[in-house]
Every structure is written in structure tokens, then in C-alpha cells.
There are 2 protein chains.
Amino acid sequence: MVDDYLAYRFNAAMADPLDTVFAALADPTRRAILNMLLEDDMAVTDVAEPFEMSLAAISKHLGILTKSGLISQEKRGRVKWCKLEPDALRAASVWMQGFGQFEPVNLDAFERFLEHELDSDA
Amino acid sequence: MVDDYLAYRFNAAMADPLDTVFAALADPTRRAILNMLLEDDMAVTDVAEPFEMSLAAISKHLGILTKSGLISQEKRGRVKWCKLEPDALRAASVWMQGFGQFEPVNLDAFERFLEHELDSDA
DNA sequence: GCTATATTCAACCAAATGGTTGACGATTAT
DNA sequence: ATAATCGTCAACCATTTGGTTGAATATAGC
């Protein structure tokens, strides 16, 4: 049907992208990583440096972020570069817009949130 | 310090609101519930009706949504009314805006997403 | 060819998540 | 008073999550 052409479907095998994106965002370590990548692309080791957990743990977090599409990883030589993929947030953002007409972004509030994130996570 | 006055902090006891909001949004059942409440306030039993799971399970989901602030519950008589609280999304929305200047909401895309959500979840 | 660096893999663990069922407390209706 | 309805609680279960450690696999440098 025409509907199926426009509104693509998910079978049991593939999870709704919103599931994985929101789940990825639910972890403070992962949000902190996204904030770091906002500044610049980074190697896995460098991403891990400020955190008090093992490199393997960060590697897992990066894997989750990659599966969700929020970042991409490209291996050049022996280092794997992590790059923010902000487009992946668009679906989630669009979904959220349905729940109220938010006033245009308040930059003060945004700065406070960013600040809090960096303080408490990194 | 002045900073602490403006940028309020979280101790180990209280979780970052973003944690709970994003975690709440990561579950398709809970997103479907939010979509239902977008239409109207509903009693717990009525929320549960379209789902293929127990009332107790839905009650738990509603508890999680309430803790996250995404909905509120008010008991009148023997029925507990559930009400959408879209303000809780604002923090998350603001946080997400930091990751790219999304073009103004595309309503076509939004409708497709809503449609997909309703089809696959309910 | 060795050695150091970058990253992942595999096995394991504790805690959290999402569901079930059955009993229970409140409230409403007969 | 008794019965039906609304919703939660408690105990349980399987699976997922977020972390650890130690070994393994590239790749780069000497």
C-alpha cells in the first residue's frame, strides 16, 4: 500500500530508532561523551581519559552511541576516530516537538544545562 | 560561590533529571502512553486497555513516567487520572538543541513519526 | 624482528529493567 | 452488607545494563 511506502515499518528484528537513541541519551557518561565530541572529533583513548572507568567500558559506551547513530567511528591507522552525528537526534527531536509548543530555545537555560553536564559527568 | 547559585548541582542521591526523562522515553510502551495522553487525560485502566500486558505492568510504566515528571497522576474517587506534563520535556529538548541547528520542525516528518509510533506500539 | 600503543573481545559480576501472578486496600454500586 | 471495580504491592523471574579484568588483535615505531 501507499502507506507502507511512506511510513516505513519495523519488524520484531529491528528496534525502533527512537528506542536506541533515547536509551543512549539516558546515560550521563554517554551524554558527557557527546558533549566532548561537540568540540572536536576524538580518538577512543582520548575520549576515555577524563573518566574514572576502564577503557573497555568507554569502548562499550562508544559502541552503543555508534549503534544508535549518534556518533560514527572511523579507523585510520591504529586509532579509531569518533565523530558526532547530530542528524541522528533529529528524529528524537521531532518526536519530542509533538508534546508542547516549546518556546524558542532559551540560550541561558542551555548554557546552564551544558555547564551542569560537564561538571557532574566529566 | 556564584556559580553554585546559578548552576544547581546534583549529589549522588538525586539523579540527573535528564537521566530519568530519557530513560522514560526509551521504552516504546511509555512513548505510546504519552501519545495517548496527548489526546486527553485518562484513567489507569483505560491507559492499559489497548496493551497486551497486565494492568500491573502499565501501572509500573505510569509510575516511571510520573517519577520522570512527564506525567502527573491525581486520584479522584477510586480512579487515578493521568495527565501529560509537557514541561518536563523542555529540559531534554533544550539539551538536544545543542547538537545541531535543526531546521524548523518538518510537520510531514512529524506526522510520519507519530503514525509509526501509533501503529507499532498500540 | 621486537616492543609499545590503540582498541576490542570474552568471561564474569551485581544491579536494574520489564514483565508475570496473586493477594490486598479503597472506593463505588447493588 | 456484599459484591464488583480500580489500582498498587510483593514476590518472583528472565534479560539487559554497566562495569570489571585479562587475553587477544592490529598497527606503528625502533
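The values are calculated or read from the model by the stated rules, or taken from the named source; none is laboratory data. Quantities reported herein were computed from a predicted structural model and do not represent experimental measurements. Note that we place each Cβ from the backbone using ideal geometry, even for glycine, and neighbour counts take in every protein chain shown. Side chains included, ligands, DNA and RNA excluded: accessible areas come from the protein's heavy atoms. Shrake-Rupley method; radii C 1.70, N 1.55, O 1.52, S 1.80 Å.
Values computed for the structure shown
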{"item": "Probe 1.4 Å, protein heavy atoms only - accessible area per residue of the range B:22-97 in square angstrom", "result": "50 Å²"}
{"item": "Protein accessible surface hidden between A and B, which excludes ligands and nucleic acids, total in Å², probe 1.4 Å", "result": "4100 Å²"}
{"item": "Number of partner chain Cβ atoms within 10 Å, mean per residue of A:22-29", "result": "6"}
{"item": "Solvent-accessible surface (1.4 angstrom probe) belonging to B:Met42, in square angstrom, nearest 10", "result": "40 Å²"}
{"item": "Efficiency of FRET between A:Glu39 and B:Asp87 - r from beta-carbon atoms, R0 30 angstrom, step 0.05", "result": "0.50"}
